[in-house]
Amino acid sequence: MSNHILIEKKIHKFNKKIVVSSDKSISIRTILLASQAVGISKISNLLESEDVLNTLKTVKKLGIQYKKLGNTYCIEGFGLNGFNIQKKITVDAGNSGTLARLILGLLVKSKKRVKLIGDKSLSKRDFSRVINPLKKFGANIKSKKNLLPIEILGSDFLRPITYDENIGSAQVKSCMILAALNTPGVSVFNTRVSRNHTELMLKFLKYPIKIKKIMGNELITVKGLNQFKGFNYKVPGDISSASFFIVLTLLSKKSKIVIENVNVNESRVGIINILNKMGAKIKLERKKIYKGEKIANIHVKSNCNLKAINCPSTLNSSAIDEFLIIFLVAAKSKGVSKFKDLGEMNKKESKRLDLGVKFLRSIGIKVDRFKNNINIHGNPKLVLSKKYEMKNFLKDHRIFFLSCITALTLGGKWKISDKDSINTSFPNFIKILKNIGAQIH
Ligand code: S3P
């Protein structure tokens, strides 16, 4: 079956209000925390993408029942470590690094061996970042070269740990926090700042977790073995999905968009801070706080006067999934944009730094690369007219989205493979593009 799309025309001017898909990080966390709560949690607006559906399947395999009523998933938890594992089982995280890393944290006390597997992309990703702290807690873990498949067997003799998380990874931080929930005593993590949805959710659940800012880091203290009750949660829109429509609007002519009800947590809005430094004038309206999370409507207008940025690496973590699309803006901006210390990009669903540089060069943009630093020589006059074919990108959803937005804003005749990759995070991506006028075949 053909699994590619063709884009041969730029998008015409538009003026639209849209809703993007729900936040993936929050969706996965609500399911995992509901699996540890006492009683029923009701989660509405859950993202129904493959990563999230794999999270539901995983907790089900671990003995947690759920049903869907209308727009709401009802998940019944039996408290901390309330999984029901009778024999050795295998769980499949598919493409999701977040599910794979976080579920290991919840299995530190499992009674039976659990084998964790994933797809081709996830099987290339490094797990030493979570294996090391989990072993310190006392979990038994087997894996070859810190890659999947991983076997974990819990322990009855867990001990609280102190640990320096110095990658700035929310997956590592959340894995440790979830392990600490099931561990007696007080665990302390000195972490580099990264997305903080797990901490905010636990705070809203009145769980004893404390966060203190110390010299740019966050010191997180978690007291283990406290139960919390089932909860209600309505998942807001995902800024990572919104980012492609922000850039589509910015780089199109005479267009406007309002993206409604998006999570704009400070630890996620790097893209807005970066693009506004480049002159984008993106605005947040109707701001509100929902269970500790900031939510707003994002207003964007076309802008053909964008300028280069010397991007401070302190913004890296808050835009880590958005750099590919930010690079496209740099390619259309005046001057040389500089980005530093982006090694983590190569540890994602594909080697995004390598592929991003290759992509920019393939559309005629000069890029200097020094290890994990790149300089992008912008060309505001850049227009494409040749044929382009995108394939072999390990089905990385964000590379697919980047290719579509490039085709729709810069032109050229594009054949883009692996359309199904959108199901990882944003199943209605193409439908929304078509609704605002994109011609996609
Ligand atoms: C995520 C954290 C980030 C991000 C990923 C989702 C999360 O990964 O890239 O898409 O939900 O915790 P790292 O924590 O490894 O940076």
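Normalised per residue, the accessible area of the chain is 42 Å², obtained with a 1.4 Å probe and no contribution from ligands, DNA or RNA.
By how many nm would the segment from ASN166 to SER123 grow when fully extended, if each residue of separation counts as 0.36 nm and the alpha-carbon distance is taken off? List each step's numbers first, then the result.
Details: separation 43, 0.36 × 43 = 15.48 nm, distance 2.31 nm.
Computed gain between ASN166 and SER123 is 13.2 nm.
A rounded overall shape is assigned to region 24-226, the ratio a/c of its alpha-carbon gyration tensor axes (a ≥ b ≥ c) being less than 1.5. Compute the acute angle (0 to 90°) between the alpha-carbon long axis of helix 97-106 and the principal axis of greatest extent of the alpha-carbon atoms of the chain; round to the nearest 10°. The answer is roughly 10 degrees. Among GLY138, GLY77, GLY364, the largest mean-square fluctuation in a Gaussian network model of the chain (Cα springs under 10 Å) belongs to GLY364. If you find the alpha carbon centre of region 184-200 and of region 253-292, how far apart are they in angstrom? Using only Cα atoms, the two centres lie 25 Å from each other.
FRET efficiency for the LYS338 to LYS301 pair, using the beta carbon distance and R₀ = 35 Å, is estimated at 0.85. For the residues CYS311, CYS175, CYS404, a GNM of the chain with alpha-carbon springs under 10 Å puts the largest fluctuation on CYS311. Rolling a 1.4 Å probe over the protein heavy atoms of region 322-441, with every protein chain left in place, gives an accessible area that is 49 percent carbon and sulfur. Basic side chains Lys and Arg get +1 at the Cβ, acidic Asp and Glu get -1 at the Cβ, and with that the dipole of the chain about its Cα centre reaches some 620 debye. DSSP beta bridges fully contained in the chain are about 70 percent antiparallel.
State the percentage of accessible surface on region 200-320 attributable to carbon and sulfur atoms; use a 1.4 Å probe and exclude ligands, DNA and RNA.
Carbon and sulfur: 53 percent of the exposed surface of region 200-320.
Overall, the accessible surface of region 91-144 at a probe of 1.4 angstrom is composed of carbon and sulfur to the extent of 46 percent. Overall, the anisotropy analysis places region 271-419 in the rounded class: the square-rooted eigenvalues a ≥ b ≥ c of its C-alpha gyration tensor yield a/c less than 1.5. Residue separation of LEU147 and ARG369 scaled by 0.36 nm, minus their Cα-Cα distance, works out to 77.1 nm of gained length. Counting only lysines at least 8 places from LYS60 when in the same chain, those with an alpha carbon closer than 17 Å to its own are LYS42, LYS68, LYS87, LYS88, LYS111, LYS112, LYS115. Between SER21 and ASP238, the built amide H atoms are under 5 Å apart, and every one of these is 5 or more places off in sequence or on another chain. In this label model, LYS358 and LYS206 are separated by 5.3 nm, measuring between points 7 Å along each Cα→Cβ vector.
Here region 24-226 is assigned +1 on the Cβ of each Lys and Arg and -1 on the Cβ of each Asp and Glu. Its dipole about the Cα centre then comes out at about 360 debye. Counting Cα-Cα pairs of the chain in 10 Å increments starting at 0 gives whole-percent bin shares of 4, 22, 32, 25, 13, 4, 0. Taking the helices alone, the chain has a mean residue ellipticity at 222 nm of -8500 deg cm²/dmol, built from -39,500 (n - 2.57) per DSSP H run of at least 4 residues and averaged over all its residues. Each residue of region 320-331 was assigned a 3J(HN,Hα) from its phi angle through the Karplus expression (A = 6.51, B = -1.76, C = 1.60, θ = phi - 60°), giving 4, 8, 9, 4, 4, 6, 5, 4, 5, 5, 4, 5 Hz with x at Gly and Pro.
For a test of the definition: using alpha carbon positions, the gyration tensor, and the 1.5 limit on a/c, classify region 294-358 as rounded, prolate or oblate. Oblate shape, in that a/c is at least 1.5 and b/c is the bigger or equal ratio. Residue by residue, region 223-239 carries 3J(HN,Hα) couplings of 9, x, 6, 9, 7, 9, 8, x, 9, 9, 8, 10, 6, x, x, 9, 5 Hz when phi is fed to the Karplus relation 6.51 cos²θ - 1.76 cosθ + 1.60 (θ = phi - 60°); x denotes Gly or Pro.
Ranking ILE85, GLN65, THR162 by Cα position along the charge dipole of region 24-226, where only Lys, Arg, Asp and Glu carry charges on their C-beta atoms, puts ILE85 farthest toward the positive end. Between GLY63 and ASN84, the built amide H atoms are under 5 Å apart, and every one of these is 5 or more places off in sequence or on another chain. Phi angles of region 6-19 translate, via the Karplus equation with coefficients 6.51, -1.76, 1.60 and θ = phi - 60°, into HN-Hα couplings of 10, 10, 10, 9, 5, 6, 6, 4, 9, 8, 9, 10, 10, 10 Hz per residue; Gly and Pro are given as x. Taken as Cα centroids, region 43-58 and region 357-418 sit 30 Å apart, rounded to the nearest whole angstrom. For region 248-304, trypsin sites (Lys or Arg not before Pro) meeting the loop criterion (DSSP other than H, G, I, E, B) and having at most 14 other Cβ atoms within 10 Å: LYS253, LYS254, LYS281.
Label-to-label distance, TYR290 versus LEU219, with points set 7 angstrom from Cα along the beta-carbon direction: 3.4 nm.
Selection among ILE271, LEU205, GLY216 by position relative to the dipole of region 204-271 gives LEU205 as farthest towards the positive end (Cβ unit charges, Cα centre). Relative to the longest principal axis of the chain, what angle (0 to 90°, nearest 10) does the C-alpha long axis of helix 170-181 take? Approximately 20 degrees, to the nearest ten.
For the set LYS24/LYS203; LYS347/LYS381; LYS142/LYS348; LYS348/LYS419, the pairs lying more than 28 angstrom apart at their alpha carbons are LYS347/LYS381.
The values are calculated or read from the model by the stated rules, or taken from the named source; none is laboratory data. As the structure is a prediction and not an experimental result, all values here were calculated from the model. Cβ sites come from the backbone with ideal geometry, for glycine too, and all protein chains shown count toward neighbours. Side chains included, ligands, DNA and RNA excluded: accessible areas come from the protein's heavy atoms. Shrake-Rupley method; radii C 1.70, N 1.55, O 1.52, S 1.80 Å.
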